[in-house]
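Notes follow once the structure below has been shown.
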Amino acid sequence: MAERMRGLPPKVTGISPKDGIPGTLLTIRGENLGLNAQDLIHVMVCGFDCILNATYMSQSKIVCKTGFGLGNGEVIVTTKSGGEGTCTVTFLAYAPDRIDPMTPFPMWIPEDTSDDEIATTGVKRKPIAFNDPLGLPVAAESDIPKDELEAYYSSCDSEISSEKFHPIRFLLEKHCNATFDDLKMDVYREAAKNDTWDHGLPTGKLEVSVRESSTLGINLFDETLRRKDKADSIRNALGVLQRFRFLFNLPSNIERNVKNGEFELIINDYDRVRSLFANTEVQVFKKVLNEVELQIDRVRSILKQRLNKHMAPLEEQKRIIRYLVELDTVGDPAWECIVNKQKWIIDLFMSCKEDYLRKDEELVNSNIDLPTPKRKISILNVVPHVDITKKPESSSSTHSEWNSGDKTDGSNRSSIEIDDDVPRLQFMEEMCDLLAENLPSLWKLGKLHMDGAFAAGQAQDQNYVDNNATHQEKPFSVVVGELIRLFSNLVKACFLPATLVDMNSSQRSYLGIWASLKKQNVANEAKILQRCIAALRSCLFRLAPLDIPLSVTGCLQDLCNEIKYRCAITACEASLIDISTHGYYDSWILRNEGDRYLTDAPHRFESTVTKVLLILKEHVLNIKVGEIENKSVSLDMQKDLLTQICKMFLVYNDRLNKIVMDLQLDKEDSSEGDPITKKTSTLEHDLVEGGQSFNQFQRLLVISSDCCYTKDHVLARVIKILHSQNFNTANMHTGIRQEFDSLEKRIFKLYIKYRGNPVVAEMQDNMYVGNFSWDIPRPVQGKNQRFTSFSITLFNVDLMVSVKFSDVSNYVKETLLRLVEVHAEITSVSPRFAEKMMTKLTEHISKQMSRLLRGVNTFSAEGRLQAHCDLSAFAKVAYGHINDRALAEISAAIKYVNAAQAITSESEAIVAKFLKYSEFQFYCFQIQQISSL
């Protein structure tokens, strides 16, 4: 039945009474009202929690005293198994009316009110005059209880005027304390009143006759009278036994009630006996009372043994303490129970520590690696590879993942994938369960003790007060504080041993030294600490309804903050290791991001950082139920965490720098020998990976693209997340951008150096191929043609070669074609870099071309024409990428050539013709030129 009801919410369907003042005894009936008393969490009546004054009866009945909530409200029951329940009825709580001495108070007293009723109501009737026929004073109250007189003489009456008058009852009721001499004197007194002279004769003879007759009767009936007296004594003894059978049967009744567990009957009988026979002088009664006291001592011992069974529910402990208090037990049973329960919980803690210390040592000594996470990857997930053909993914995925963290519960252990066979983790979870299961009953018991709930009826006993004053050696808050402090130190010894440096060796040995701390890796430790925070938060959540003061639970809050801080730093350290060792560029598969192509390295890095921030949000930054935020600790933690996040960006930047350095070393190794003509396979061959081919120059561009994306987008999104958690990122943005800007400038310089220098070197070689000279004499002119001749030696034969000056030089064409090749290379990786890269490269080539032409000593007319054509063609083709410095170099070279007006016109015609037939080859420059114009 209990298993079937587990998980069903409580439902209140009826209450009795429907209204009342605070303190009203309320009976609650319904369904699923808890599996037992420990299952109850709250009993809310008109918004006031009455759990401390509630008594669990059954799964359908609870009895409690209402609190100080007023008005018409619901009765809601909350249990561990079913959660918060519902209610179909309401209770009206109102303030009690104030009664002053002048307020009329109606009371009905019937005419035949008995003495008991008069004693109850306080109303005394006028005493009835009574004339005693014996002349003795009438006893105010008989020592023999009236109910026993009624039992033995129910058919008789003590009134002389009554037809049922009986002298024995008269004597027992009116003169129970009179002695035999008193009665004899009364008889003589009555006889003296009737002693008169008859006709003048004295009554002496009559007296003598009576005495003689009496003596003769006594002698005749002496044996009979002795037998009668014996029978009367036996009858009296039987009467006493019958009359006081309750006292004589009490020892056996106590023994029987102990077996049946009916301690309330024992207490009631014991109170009754003490009230009736406490001051008796009858030896028989005293003997029976001594036997009763021995039985009561045995009952006290049995109750104390049951009280020391600490697994007993709180309601049973309260009931046993009440029994012991009502039995006048020496000392303070409630305080003894509190101290013993504290010792028992401490023993549970130490036993738990010893068990898992042994398991931890066995695991270390077995030479087996410590349990690792179930997933054989780093502590954080990374995004999968994305093919270049796919469309770019929305950058909001990171934020949606971050926002989804708001719905996660920090106490959800299943969300943290770590092997459960870690002794330290098992120790932490079991310790939290032990504290959460046993501290509530201890705290509630102590609260009842401090409120005086167990001292009712004994506050007037000075001995009881003195015993309690000397027995309680320390306040209850100190008892609970010692327990929580031990819990905190045991957990610190397991996870934060560095915080216990102030303890001596014996204290550290008492708390335990865990061998696995020396072999634990950072990734595993971060996951274990996350589970520890979840367990500790679950414990705090279960302790929150107790409203324990912060002065008592302060060390528990400090422990939570220290573990959260350690978890945050450990997670960041694991991420730094992951970033520094991860193979971001094991594969060079690109993904399209609109205006650029990237590898998945920036997204992997962003995922790493976001996962860390998500861990920080769920397990460190968010404040759960039961936790108390310490602003100074939070600020210090934020500063350290911000430093760790900055380190992640710098470590990632160092990874990119290292890859650039490796590419630079490969380039320098491949360029040994003749830097102009040597082209090794290392430089020029394409490395095919994942269906895409990249040379080293393209890889530099890819890294530059990743660097810019990280600087412009990843950093902005991470800062936005940090702002949502109230981090101060004022200096973070500037410092990180400077590092990535420096890397980007370095990559640009390397690319210009590696791509520009070979072009310049080839330009110089191609300019003077075939022993070309700029000071060749003017040839014979034909129609619309210019020829020049120069001699070359071919196969040891001197030949005269004629060259037609009607086109741009080949070295210019080669240079422009190399620029087209570089332009295509840049746009294939990151089109947004084309303008910047091509401008720098064009400036470099313009500077070198101007230097070569200005180094010529003399120009012939044909040489000036050719130089002017070359300079003009280069300037017009690369116009879209020529900046002011490049234009100044070309202008200086044209001025140095100093071509005549006719040569200039002819040069323009040649250049126009060149541009027309090479329009398709240099189409990329035309697009750039149009866009720039």
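Can you give the extra length, in nm with one decimal, that the chain gains between ALA544 and LEU92 once fully stretched, where that is 0.36 nm per residue apart less the Cα-Cα distance? It would help to have the intermediate numbers written out before the result.
On the way: separation 452, 0.36 × 452 = 162.72 nm, distance 2.85 nm.
Additional length available on full extension: 159.9 nm.
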Under 14 Å from a label point 7 Å along Cα→Cβ of ILE719: give me every residue in the stretch 727-748 with its amide N that close. 727-741
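I'm checking a number: the convex hull volume of the Cα atoms of the stretch 806-932, normalised per residue, in Å³. What is it?
On the way: hull volume 12.2 nm³, N = 127.
In the stretch 806-932, the Cα convex hull volume per residue is 96 Å³.
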Measure off, as a whole percent, the carbon and sulfur share of the 1.4 Å-probe accessible area of the stretch 806-932, all protein chains present. 55 percent
Could you sort ASP332, ASP741, ASP547, ASP421 by their accessible area in this structure, using a 1.4 Å probe and putting the largest first? ASP547, ASP421, ASP741, ASP332
Total formal charge among the other residues, if their Cβ is under 15 angstrom from that of LYS813, Lys/Arg +1 and Asp/Glu -1: -3
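To the nearest 20 Debye, how big is the dipole of the stretch 806-932 about its Cα centre, given +1 on the beta carbon of each Lys and Arg and -1 on that of each Asp and Glu?
Working: 14 positive and 13 negative charges, 59 e Å.
It works out to roughly 280 debye.
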Amide H contacts of ARG591 (H built 1.01 Å from N, under 5 Å, at least 5 apart or other chain): LEU598, THR599
Hey, quick one: spin label on ASN726, modelled 7 Å out along Cα-Cβ, who in the stretch 610-647 has an amide N within reach, i.e. under 11 Å? 622-623, 629-632, 634-635
For ALA761, placing the label point 7 angstrom along Cα-to-beta-carbon and taking the stretch 811-841, residues whose amide nitrogen sits under 17 Å are 815, 818-819
So how exposed is TYR917, as accessible area in Å² (1.4 Å probe, rounded to 10)? 110 Å²
By accessible area (1.4 Å), largest first, LYS174, LYS913, LYS359 order as LYS913, LYS359, LYS174
Say R0 is 56 Å: what FRET efficiency, to the nearest 0.05, do CYS555 and GLU148 get from their beta-carbon distance? 0.30
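What does the extension gain come out to for ALA178 and LEU915, with contour length at 0.36 nm per residue minus their alpha carbon separation?
So the extension gain works out to 249.9 nm.
Using the Cβ atoms and a cut-off under 15 Å, what net charge is assigned to the surroundings of HIS723, where Lys and Arg are +1 and Asp and Glu are -1? The partial results should precede the final answer.
Details: positive: LYS617, ARG717, LYS720; negative: none.
The answer is +3.
Pairs on different chains or at least eight residues apart, Cα atoms closer than 23 Å: how many lysine pairs in the stretch 247-330 fit? Write down the numbers at each step before the final one.
On the way: LYS259/LYS304; LYS259/LYS309; LYS259/LYS318; LYS304/LYS318; LYS309/LYS318.
Going through the stretch 247-330 pair by pair, I get 5.
Keeping every protein chain in place, order LYS895, LYS720 by accessible area at 1.4 Å, biggest value first, i.e. largest first.
LYS895, LYS720
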Which distance in nm do the two modelled labels at THR499 and ARG358 give, with both placed 7 Å along the Cα-to-Cβ direction? 2.8 nm
Restrict the search to the stretch 503-557; then list the trypsin sites (Lys or Arg not before Pro) that DSSP places in a loop and that have at most 13 other Cβ atoms within 10 Å of their Cβ. LYS519
With each pseudo-label sitting 7 Å past Cα toward Cβ, what's the HIS42-HIS733 distance in nm, one decimal? 4.4 nm
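So what is the relative contact order of the stretch 247-330, in percent, for Cα pairs below 8 Å that sit 6 or more residues apart?
Once normalised by length, the contact order is 34 percent.
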Per the Kirkwood definition applied to all pairs of different Cα atoms, how many angstroms is the hydrodynamic radius of the stretch 11-93? 12.0 Å
Might you work out the accessible area of VAL208 for me, using a 1.4 Å probe with all protein chains in place, and round it to the nearest 10 Å²? 80 Å²
Out of residues 5 or more away from ILE21 or on other chains, whose amide H comes under 5 Å of its own, with H placed 1.01 Å from N in the peptide plane? TYR94
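What is the sum of charges, Lys and Arg at +1 and Asp and Glu at -1, for the other residues whose Cβ falls under 9 Å from the Cβ of PHE165?
Values: positive: LYS164, ARG169; negative: ASP157, GLU159, GLU163.
Overall, the nearby charge balance is -1.
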Given a cut-off of under 8 Å on Cα pairs at least six residues apart, what relative contact order in percent is computed for the stretch 11-93? 38 percent
From the backbone phi of the stretch 648-657, what are the Karplus-calculated ³J(HN,Hα) couplings (6.51 cos²θ - 1.76 cosθ + 1.60, θ = phi - 60°) in whole Hz, Gly and Pro given as x? 4, 5, 5, 5, 5, 5, 5, 4, 5, 4
How do the peptides 867-873, 313-319 rank, highest first, by the average count of neighbouring beta carbon atoms within 10 Å per residue? 867-873, 313-319
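For the pair ASN883 and ARG854, what calculated FRET efficiency results from E = 1/(1 + (r/R0)^6), where r is the Cβ-Cβ distance and R0 = 22 Å, to the nearest 0.05?
Once rounded, the FRET efficiency stands at 0.65.
For the stretch 224-312, state which trypsin sites (Lys or Arg not before Pro) are in a DSSP loop and have at most 16 other beta carbons lying within 10 Å of their beta carbon. Could you put the intermediate results ahead of the total?
Numbers: sites: ARG226, ARG227, LYS228, LYS230, ARG235, ARG243, ARG245, ARG256, LYS259, ARG272, ARG274, LYS286, LYS287, ARG298, ARG300, LYS304, ARG306, LYS309; in loops: LYS309.
Answer by residue number: LYS309.
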Computed over the stretch 557-644, the relative contact order (Cα-Cα under 8 Å, seq sep at least six) in percent reads 41 percent
Can you work out the FRET efficiency for the pair VAL240 and GLU207, with r the C-beta to C-beta distance and R0 = 35 Å, to the nearest 0.05? 0.35
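The values are calculated or read from the model by the stated rules, or taken from the named source; none is laboratory data. These numbers were taken from a predicted model, which means no experiment stands behind them. Because the Cβ atoms are built from the backbone with ideal geometry, glycine has one as well, and the counts that use them run over all protein chains shown. The protein model used for the area step is the full one, side chains on, heavy atoms only, and it has no ligands, DNA or RNA in it. Shrake-Rupley method; radii C 1.70, N 1.55, O 1.52, S 1.80 Å.
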